[in-house]
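Notes to accompany the following structure.
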Amino acid sequence: MSRGVPRLIPVLIAFPTGGERLESWGRLLEVRAAGASLMTRARLERGDAVKLGFELPGERLEDVAAEVVKSSLDPDGYTVCDLLFNDEELQVRLGRSLRRILAAG
């Protein structure tokens with residue numbers, strides 16, 4: 001990524017299934033067109049559905065639907081998980097944005 005891109009991207013995490021779960025915050029460790037790696041204090045397990053809000057240089061993404069495909073706890077108690085983005089149109093758009101960011105670097 002270019003020098004203008006932060007190494008860890010702040011992300012707002014919402015839980016569409018409702019219940020008693022409130023919004024939470026985390027950091028995207030890595031972003032790919034098809035998904036991302038996330039670190040958060042929220043407990044997430046394989047199969048959980050989330051909606052994300054985050055910013056990349058030149059683009060704000062909101063209500064990004066994702067599914068947790070892998071989850072583990074790190075030694076400090078943070079959940080580290082791999083996410084799969086559910087929307088193919090978003091994957092194409094995100095792929096374009098990432099290529100643009102990399103080309104600018």
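The values are calculated or read from the model by the stated rules, or taken from the named source; none is laboratory data. This one's a predicted model, so the numbers in the text were calculated from it and none came from an experiment. Cβ placement follows ideal geometry from the backbone for every residue including glycine, while neighbour counts extend to all protein chains displayed.
Quick rundown of the values:
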quantity	calculated
Qualifying positions in segment 44-63 - within 20 Å of residue 7 (Cβ to Cβ) and in contact (Cβ under 8 Å) with a residue 24 or more places away in the chain	52, 53, 54, 55, 56, 57, 58, 59, 61
Tabulated pairs, segment 6-19, first in a loop (DSSP other than H, G, I, E, B), second modelled with pLDDT of 90 or more and among the small types (Gly, Ala, Ser), C-beta under 7 angstrom, 6+ apart or interchain	16/49; 17/49
Residue list for segment 27-39, filter: buried (at least 18 other Cβ atoms within 10 Å of the Cβ) and free of Cβ contacts under 8 Å to residues at least 40 places away in the same chain	28
Pick from segment 52-86, criterion of a type in the set (S, T, N, Q) and part of a strand (DSSP E or B), ranking: surrounded by the fewest Cβ atoms within 10 Å (Cβ to Cβ)	72
